[in-house]
Amino acid sequence: MDRISKAVERARRERENRQGKGGDDGQRADLSQVAYARTRAVTLDREVLARNHIILEDSTPEFSHAFKVLRTQIWQAMKENGWNSLAVTSCAPGEGKTTVAINLSLSLAMMKANHSVLLVDMDLRRPSVHEKLGLDVEKGINDYLESGVALEEILINPGLGRFVILPGRDAVRQSSEILSSARIERLVQEFKTRYPSRIVVYDLPPVLSTDDVLVFSPYVDAVLMVVAEGQTRSEDLRRAVGLLKGTKLIGTVLNKSDEQMTVGY
């Protein structure tokens, strides 16, 4: 059995184990009411955001509207199913999944709803959320995973009250082994269950580049697939979707299109 097949089988077993354990119905605080006293607050550079196609208050109506439509559809689907964690991925590098993950997270955080948003850069081999946002990162999730640095020393609030980022920093070797570790399982369970009103968005690597997505997918409620017009090959999309069989694929986003961004279920 090759490495990908082993990862698929391991993901299937872990998903079945997690479903058998049931949920957590304990009473916990509402994160939207928490002041981020120990989270580093920063001011984002608008020029950097514009250059990297990150939504701003004065973004063109077509651009901002596309993400408003996407975030509302995602939010409604997650609410109907009782989900609060979402992974964003693509077939191959360069298809824009990190930009979509950031803009979707920002749009969700801007909603007039009682939830907060945590964006986690779980692309351990090529973390880029901090680069897209122009963040000067001294510590990242790799420092938590490899050196035990406390999360409150890593989390960043980019000036939006209900939005927090857990950035990456340096590339992590043996990422799939780390993603299948008990430490990661405890971390994602903490994110998922500590604050029921929090939506956690994970920026994952491309499906066909590594087995990381297959290893990590049992930990999330649903997956959003990003495809790039004129770039994503149909055979790659079929293969990626096939590898994610058994994972709830909440939809696909058409990126880099001359027409308005679309989302399909």
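The values are calculated or read from the model by the stated rules, or taken from the named source; none is laboratory data. Everything numeric here is computed off the predicted structure, so don't read it as measured data. Backbone-built Cβ (ideal geometry, glycine too); neighbour counts: all protein chains shown.
Among residues of the range 226-247 that are at positive phi, none has a beta-carbon under 7 Å from a residue that is surrounded by fewer than 16 Cβ atoms within 10 Å (Cβ to Cβ) and in a loop (DSSP other than H, G, I, E, B) at least six positions away or on a different chain. Scoring TYR202 on the criteria (1) assigned to a loop (DSSP other than H, G, I, E, B); (2) within 30 Å of GLU62 (Cα to Cα) leaves a single failure, condition (1). Scanning the range 58-79 for residues being among the charged types (D, E, K, R) and either under 22 Å from the mean Cα position of the chain (by Cα) or modelled with pLDDT of 90 or more (or both) gives a total of 3. Scanning the range 186-199 for residues that are among the charged types (D, E, K, R), assigned to a helix (DSSP H, G or I) and in contact with a Lys or Arg (Cβ under 9 Å, 6 or more places away or on another chain) yields LYS192, ARG194.
Here the range 252-265 is the region considered, the condition is being surrounded by fewer than 17 Cβ atoms within 10 Å (Cβ to Cβ) and closer than 21 Å to VAL213 by Cβ, and the residue that is modelled with the highest pLDDT is GLY264.
When ALA41 is tested against the conditions (1) of a type in the set (A, V, I, L, M, F, W, C); (2) over 18 Å from the mean Cα position of the chain (by Cα); (3) surrounded by 13 or more Cβ atoms within 10 Å (Cβ to Cβ), the lone failure is (3). Among the residues of the range 178-201, some residue qualifies, meaning at least one is more than 24 Å from GLY148 (Cβ to Cβ), under 15 Å from the mean Cα position of the chain (by Cα) and of a type outside the set (Lys, Arg). Here ALA240, ALA182 are screened, and the one residue that is among the small types (Gly, Ala, Ser) and surrounded by fewer than 21 Cβ atoms within 10 Å (Cβ to Cβ) is ALA182. The residue of the range 205-250 that is modelled with the lowest pLDDT, among those that are hydrophobic (A, V, I, L, M, F, W, C) and assigned to a loop (DSSP other than H, G, I, E, B), is LEU244. If you scan the range 73-112, which residues turn out to be part of a helix (DSSP H, G or I) and exposed (fewer than 15 other Cβ atoms within 10 Å of the Cβ)? GLN76, LYS79, GLU80, ASN81, listed by residue number. Would you say LEU179 is of a type outside the set (D, E, K, R), touching a Phe, Trp or Tyr at 6+ places or on another chain (Cβ under 8 Å) and at pLDDT below 95? Against the criterion (of a type outside the set (D, E, K, R), touching a Phe, Trp or Tyr at 6+ places or on another chain (Cβ under 8 Å) and at pLDDT below 95), LEU179 qualifies. Only a single criterion out of (1) within 23 Å of ASP236 (Cα to Cα); (2) out of contact with any His (no Cβ under 9 Å at 6 or more places or on another chain) is not satisfied by THR99, namely (2). Of the residues making up the range 133-179, those that are assigned to a loop (DSSP other than H, G, I, E, B), of a type in the set (Gly, Ala, Ser) and surrounded by fewer than 20 Cβ atoms within 10 Å (Cβ to Cβ) number 6.
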